[in-house]
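Laboratory data are not the source of any read-out in this text; all were calculated from the coordinates shown. Keep in mind that what you see is a predicted model, and the values were worked out from it rather than measured. Heads up, the Cβs are rebuilt from the backbone with ideal geometry, glycines too, and the neighbour counts pull from every protein chain shown.
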Amino acid sequence: MTPESMAVDMADTYSPCDALPAPLRSQVIDQIVHQGQLALHCTSADQRPMLEHFKTQQGYDFLVDVTAIDHLGMDRTERFEVVYVLRRTRENSHQFRLHVWLSEDSPNLPTVFDLWDSARWGERETHDMFGIVFDGNPDLRRLLMPEDYPGFPLLKDYPLRGMGERRQFPNVVPRGDQIVEEEPGDYPTSIGRGMHTPEYTEEVRRDSKPR
């Protein structure tokens with residue numbers, strides 16, 4: 001076996017769960033391997049102790065991403081799953097995900113920006129899109145949406161056609177050598193339904209015509 005294949009084999013078989021102290025290891029709900037990457041699951045109560053351990057004791061020095069999944073309508077007690085992608089840049093560059101179950105009634109988690117500075121951005125975007133609050137993050141201003149925006153667009157109960165906000169803005173189009181404001185039109189009907197349906201193809205053909 002070559003050194004390169006040994007490194008790949010170690011990356012595939014190593015689980016950071018094995019190195020957790022017994023009290024934390026007992027709080028891991030399950031371990032799932034999908035397409036070669038390990039995912040550990042825990043509850044929100046164990047999020048901070050687990051992440052502290054992975055950073056300080058196991059050397060996961062790079063927080064690749066923070067995001068969330070909305071399980072609205074699924075047969076689960078918790079609605080949200082907050083996902084941390086952790087990477088150790090030394091040795092075999094091992095990477096895995098910690099999935100944290102989070103209740104809709106209390107969608108708050110402690111920030112981890114003091115462990116990884118990159119969490120400032122991931123937590124801010126997750127708050128902006130899902131409404132999840134990361135207690136202690138010094139800057140949870142909206143990142144992609146206007147500061148006074150009333151909704152969280154990646155929630156599954158957010159209407160596909162928007163909440164009417166598009167109607168607030170005129171449609172500015174060129175007419176010869178003039179710029180004319182029109183009333184905004186309706187949203188394309190196929191947004192969010194599989195983007196290459198016949199309806200979508202027709203919308204592209206129609207909307208791309210010169211006016």
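Brief remarks on what is shown
- Karplus-derived HN-Hα couplings along segment 30-39 (A = 6.51, B = -1.76, C = 1.60, θ = phi - 60°), whole Hz, x at Gly and Pro: 6, 10, 10, 9, 10, 6, x, 10, 7, 10
- Whether segment 3-135 is rounded, prolate or oblate, judged on the alpha carbon gyration tensor where a/c under 1.5 counts as rounded: prolate
- Within segment 57-163, the trypsin sites (Lys or Arg not before Pro) that combine a DSSP coil assignment with at most 13 other C-beta atoms in a 10 angstrom radius are ARG76, ARG90, ARG141, LYS156, ARG161.
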